[in-house]
Amino acid sequence: MSQADRDLVAAIRAELASIDPARRCDRLAESAGLGSDLVMREAAVARLAVRLGRATNAGAALASRRRPKHLHAQDEGAGAQAAGDGALPPSPFDWATAALHCRLAWLRGRFLARGSLSIVTSRTHLEFVVPAAEAPVLASRLEEMGLSASWRLRRGRGVVVWKSAETVSLFLRRIGGGASLLEIEARQVSRALRGELNRVINAESANLQRSVEAAGRQLAAISVLEGSGLLGEQSFQVRSVAAARCETPEATLGELAERLEVHRSTVQRALDRLERLALLDVVAPGPRAVGGTGQHPLSADLPASR
Ligand SMILES: [Zn+2]
């Protein structure tokens, strides 16, 4: 992640940690979500724990656990290891009977304690790193919220993952994300637009390149066939297409067809025939090319163009 992206992730986390749930049920739920093994390495989360009445020594815990600045924001909250640090154990949380507001508060706590958000060029990715046994439970709770996630085990821990930027945004919005979240979304949109624009420009320039190359080959073929006299033996249709191509080298097949009042496929067939004939003519020049008479032998090799 770039520094700007890391700053944005830190801003989102700080924004979510600064939410002060008004209801007591939500404060308890969020505290439960923070978990009993909360490692407070972010000031905003440490302050939240204090506000929730979780830890009386949060400040000391923070001071002793402050991490060097160079570590990635992506890792924030992800590497939490079992450590009490004197934090009061949270009351257990009963998801099954909990109201929606409590569930969202619990999820916010879980995200702040165990969530790892990463925003890399075109991909937004959020994972919860939790005890192995919790992973399927958390995944099914998220599924219940309409935010289905995949999960797997990684080095003995459970990892619950979202890779869809849309789902990540939806989750962050539901747990209370605000201004910083809007900024992530704005970035995603501009990245998507840039990507799409580049794709269109590339496709168009590739098409254009192909058309220019094809027209070049056709003009060369016509010139070869004119030189060998073979062009004059072609059907009226093929000769008309050849003449039209010479007059308008830049015209598309559609434009040639319109001008000649024939179907596009007729133009295509005529041009293909000219190219094939010219290729054979160059490889094996017919009698006319060396001053002979009579019909060019290659004329018989290819069925007359309709
Ligand atoms: Zn509640």
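Quick grid of which residues meet (1) closer than 21 Å to Ala10 by Cβ; (2) under 22 Å from the mean Cα position of the chain (by Cα); (3) at pLDDT below 95:
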{"position": "Trp151", "(1), (2), (3)": "no, yes, no"}
{"position": "Val160", "(1), (2), (3)": "no, yes, no"}
{"position": "Ser164", "(1), (2), (3)": "no, yes, yes"}
{"position": "Thr167", "(1), (2), (3)": "no, yes, yes"}
{"position": "Gly176", "(1), (2), (3)": "yes, no, yes"}
{"position": "Arg187", "(1), (2), (3)": "yes, yes, yes"}
{"position": "Gly195", "(1), (2), (3)": "no, yes, yes"}
{"position": "Ile201", "(1), (2), (3)": "no, yes, yes"}
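With respect to Val224, is the statement that it is in contact with a strand residue (DSSP E or B) (Cβ under 9 Å, 6 or more places away or on another chain) and at pLDDT below 95 true? Taking the combined requirement at face value, the residue does not satisfy it. Considered as a group, the residues in the range 96-126 that are more than 12 Å from the ligand (Cβ to nearest atom) and among the polar types (S, T, N, Q) include one that is nearest to the chain's Cα centre (by Cα), and that residue is Ser122. Starting from the range 92-118, take each residue that is within 17 Å of Ala139 (Cβ to Cβ) and hydrophobic (A, V, I, L, M, F, W, C) and list its partners that are within 12 Å of the ligand (Cβ to nearest atom) and not in a helix (DSSP H, G or I), counting only C-beta distances under 9 angstrom and pairs at least six apart or across chains. If the second residue must be within 12 Å of the ligand (Cβ to nearest atom) and not in a helix (DSSP H, G or I), the pairs left are Trp106/Phe93; Trp106/Ala98. If you check Ser91 against the conditions, is it within 16 Å of the ligand (Cβ to nearest atom) and at pLDDT below 95? Here the answer is yes, as Ser91 does meet what is asked. Only one of the numbered conditions (1) in a helix (DSSP H, G or I); (2) modelled with pLDDT of 75 or more; (3) farther than 17 Å from Gly216 by Cβ is not met by Arg288, and that is (2).
The values are calculated or read from the model by the stated rules, or taken from the named source; none is laboratory data. Note that the structure is a prediction, hence the values are computed from the model and not measured. Ideal geometry is used to build each Cβ from the backbone, glycine not excepted, and the neighbour counts take in all protein chains shown.
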